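Below: one structure, written as structure tokens.
The values are calculated or read from the model by the stated rules, or taken from the named source; none is laboratory data. All values derive from a computational prediction rather than experimental measurement. Cβ placement follows ideal geometry from the backbone for every residue including glycine, while neighbour counts extend to all protein chains displayed. Ligands, DNA and RNA are excluded from the accessible area calculation, which covers all protein heavy atoms including side chains. Shrake-Rupley method; radii C 1.70, N 1.55, O 1.52, S 1.80 Å.
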Amino acid sequence: MVLPPGDKATRWAALQKLVMENPVCRAHVRPGKKVVLGVGNLDAKIFFCGEAPGAEEEIQGEPFVGPAGQLLTRMIQAMGLKREEVYIGNIMNWRPEIPTEHGGAQVGNRPPTPEEMKYCLPYLREQLAIVQPAVIVALGATAAGGLLGADTFKTLGEIRGRWNQFAGIPVMVTYHPSYILRNQSNRSKRAIWEDLLKVMERTGLPISEKQRGFFL
Ligand code: URA
């Protein structure tokens, strides 16, 4: 993939055009639904990486705008940031399809296959090359597997909360926000929050005593 030379905004716009016009990506979305590229601040220090668009995301054409996205936005705010200050992307640029009868609406989601992730990964790499974040936060096992290799761990618990690397960039793996939607305990919230505290420390964000004590 060769993007035209230029500033970050020029390169990102060229990348967006490439992805939106990609016939393979387009062939995977149903009529009226959208291919989805990441969004956010092209100078962001923190790059959140999820799995794939869901129902709401393929309607709006933006990652993390459904229920899990609203929780991610609150997590970002708890870090003292605005959603617009970070970059939010996914491994996948389309919602992995589940066959429906007579072209009806898709109910539910499925994880992407390794082949699907491999196809979309160059687009994620380009977004990372443009943004050059200080840290990637991989949300959930699929994102972690896509970035670090699914064969490098058995359970998310093994790798979350520790620093890894992708394309020379430090990666913090943590739970996907949808896990918290299913497990509303303070213990689960604290686990994800401790991972985010490490990200805040690494990126030099101020941390108040109140923030240190969230969900204890
Ligand atoms: N879950 C993801 O992993 N990505 C999204 O964009 C939305 C939900």
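Counting only strands (runs of 3 or more DSSP E) wholly contained in the stretch 125-216, the ones carrying 2 or more residues that are of a type in the set (A, V, I, L, M) and touching a helix residue (DSSP H, G or I) at 6+ places or on another chain (Cβ under 6 Å) occupy 135-139, 169-174. The condition (being open to solvent by 10 Å² or more (accessible area, probe 1.4 Å), modelled with pLDDT of 95 or more and farther than 24 Å from Val131 by Cα) is satisfied by just one residue among Val65, Val35, Val29: Val29. Under the condition of being over 20 Å from Ala167 (Cα atoms) and of a type in the set (Asp, Glu), the residues counted in the stretch 17-56 number 2.
Note on the stretch 81-115: residues that are at pLDDT 95 or above and of a type in the set (Gly, Ala, Ser) total 1.
Candidates Pro133, Pro112: the one that is in contact (Cβ under 8 Å) with a residue 24 or more places away in the chain, more than 16 Å from the ligand (Cβ to nearest atom) and either of a type in the set (Phe, Trp, Tyr) or open to solvent by less than 60 Å² (accessible area, probe 1.4 Å) (or both) is Pro133.
For every residue, the table says whether it meets (1) modelled with pLDDT of 95 or more; (2) touching a Ser or Thr at 6+ places or on another chain (Cβ under 7 Å).
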{"position": "Met117", "(1), (2)": "yes, no"}
{"position": "Ala134", "(1), (2)": "yes, yes"}
{"position": "Leu139", "(1), (2)": "yes, yes"}
{"position": "Leu147", "(1), (2)": "yes, no"}
{"position": "Ala150", "(1), (2)": "no, no"}
{"position": "Ala167", "(1), (2)": "yes, no"}
{"position": "Met172", "(1), (2)": "yes, no"}
{"position": "Leu197", "(1), (2)": "yes, no"}
{"position": "Arg202", "(1), (2)": "yes, no"}
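Do the conditions hold for Arg83, that is, is it open to solvent by 10 Å² or more (accessible area, probe 1.4 Å), in contact with a Leu (Cβ under 9 Å, 6 or more places away or on another chain) and not aliphatic (A, V, I, L, M)? Yes: the conditions hold for Arg83.
All of Arg160, Arg202 fail the test of being of a type in the set (Lys, Arg), open to solvent by 20 Å² or more (accessible area, probe 1.4 Å), in contact (Cβ under 8 Å) with a residue 12 or more places away in the chain and within 16 Å of the ligand (Cβ to nearest atom), apart from Arg160. Taking the stretch 42-71 as the range and being under 27 Å from Gln211 (Cα atoms), part of a helix (DSSP H, G or I) and either aromatic (Phe, Trp, Tyr) or near the ligand (Cβ under 8 Å from one of its atoms) (or both) as the test, the residues that pass are Ala68, Gly69.
For Thr10, are the conditions met, namely being away from the ligand (no atom under 11 Å from the Cβ), assigned to a helix (DSSP H, G or I), within 13 Å of the chain's Cα centre (by Cα) and among the hydroxyl-bearing types (Ser, Thr, Tyr)? Considered against the rule, which asks whether it is away from the ligand (no atom under 11 Å from the Cβ), assigned to a helix (DSSP H, G or I), within 13 Å of the chain's Cα centre (by Cα) and among the hydroxyl-bearing types (Ser, Thr, Tyr), Thr10 comes out as no. Exactly one residue out of Ile207, Ile180 is over 19 Å from Tyr87 (Cα atoms) and away from the ligand (no atom under 14 Å from the Cβ): that is Ile207.
In the stretch 166-191, the residues that are farther than 18 Å from Pro63 by Cβ and open to solvent by 60 Å² or more (accessible area, probe 1.4 Å) form Cβ pairs under 8 Å with partners that are away from the ligand (no atom under 12 Å from the Cβ) and small (Gly, Ala, Ser), at six or more places apart or across chains, as follows: Ala167/Ala129.
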